[in-house]
Amino acid sequence: MKKILKWIAIIVGILLVVAFFAFLYFIPPFTLIPPEEFTRQTVEAAPSLDGITDPALRAVAERGKYIATVNDCSGCHTPLGDQGPKWDAYFSGGGRGTFKGYGTFNTRNLTPDPGTGLARRSDEQVQRVLRSGLLPEGRVAHYRDMPWAAYSNWTPEDRYAVLVYLRHLKPVAHRIPDDNAETATDDPTAIETLYSLDVGVWPDSGAARK
Ligand code: HEC
């Protein structure tokens, strides 16, 4: 009797192991989403730039759109709702991050809305954030919060292209709450010098807003 029980236990054990591997084999490979599927929604949410009549400016804006898309600005700057990103509020900010000892930050409205978005900023102010993290209020953005250190290696042409793209987004009125920064990293001018060996900038001629 004992022997039979022992054999039953062994067989059940083997079946459990086989069943476990069969389960692993048949579950869908949920981590293997094709890259184009992963980014499909962001790509589709990006606005058409066909309305820009000047072909040279349109080409610059298209380049900016490409750079903004592959760098996933939308991942932080498009607000999240219960159903995922609110694509109709593309790039209008509102994501929140807290860094211990530094503060709580809200991603900002990058659409050209006059009251709450980037229309309030000059061309140079926007390009400077991308070049050295220096925000218009004189504080350096936390590099993990707004990953400007990764963008400071772009060429000035690329930063300008992103600026032109941002100027052509659909304006979305979305007021972002004030930040609660406790400390500022460093002397802003030191950061500016360190990260912008090539400080080429386009003056604010208004061309990017056309
Ligand atoms: C990891 C999240 C994240 C990503 C990715 C990101 N940002 Fe930001 N961005 C932020 C946060 C947070 C702030 C506000 C920083 C602060 O208050 O310290 C910000 C601020 C800005 C500002 C300043 C806006 C103003 O009101 O002056 C600009 C411009 C900007 N981001 C552009 C971009 C662009 C362009 C990209 C993509 C190339 C991008 N960001 C990607 C999080 C992000």
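The values are calculated or read from the model by the stated rules, or taken from the named source; none is laboratory data. Everything numeric in this text was worked out from a predicted model, so none of it was measured. Every residue, glycine as well, gets a Cβ built from its backbone with ideal geometry; the counts of neighbours run over all protein chains shown. The protein model used for the area step is the full one, side chains on, heavy atoms only, and it has no ligands, DNA or RNA in it. Shrake-Rupley method; radii C 1.70, N 1.55, O 1.52, S 1.80 Å.
Using only helices, what value at 222 nm comes out for the chain when you add -39,500 (n - 2.57) per DSSP H run of length 4 or more and divide by the total residues, to the nearest 500 deg cm²/dmol?
-12500 deg cm²/dmol, from helical runs alone.
Taking a ≥ b ≥ c as the square roots of the Cα gyration tensor eigenvalues, with a/c under 1.5 meaning rounded and otherwise prolate when a/b beats b/c, else oblate, which class fits the stretch 31-131?
The shape class here is oblate.
If you put +1 on each Lys and Arg Cβ and -1 on each Asp and Glu Cβ, how big is the dipole of the stretch 1-91 around its Cα centre, in Debye rounded to 20?
On the way: 8 positive and 9 negative charges, 199 e Å.
With Lys and Arg at +1 and Asp and Glu at -1, about 960 debye.
Over the chain, with the other protein chains present, what is the accessible area per residue in square angstrom, probe 1.4 angstrom?
Here the residues of the chain average 62 Å² of exposed surface.
Once you sort the root eigenvalues of the Cα gyration tensor of the stretch 1-79 as a ≥ b ≥ c, which label holds: rounded (a/c under 1.5), prolate (a/b larger than b/c) or oblate (the other case)?
Because a/c hits 1.5 or more and a/b exceeds b/c, the stretch 1-79 counts as prolate.
How much solvent-accessible surface does Val18 expose, in Å² to the nearest 10, with a 1.4 Å probe and all protein chains in place?
Its accessible surface works out to 90 Å², give or take rounding.
Please label the shape of the chain as rounded, prolate or oblate, based on the square roots a ≥ b ≥ c of the eigenvalues of the alpha-carbon gyration tensor (a/c under 1.5 means rounded; beyond that, a/b larger than b/c means prolate, else oblate).
prolate
Heavy atoms only, probe 1.4 Å: what % of the accessible area of the chain goes to carbon and sulfur, would you let me know? Walk me through the numbers before you get to the answer.
Numbers: 8180 of 13030 Å².
Carbon and sulfur: 63 percent of the exposed surface of the chain.
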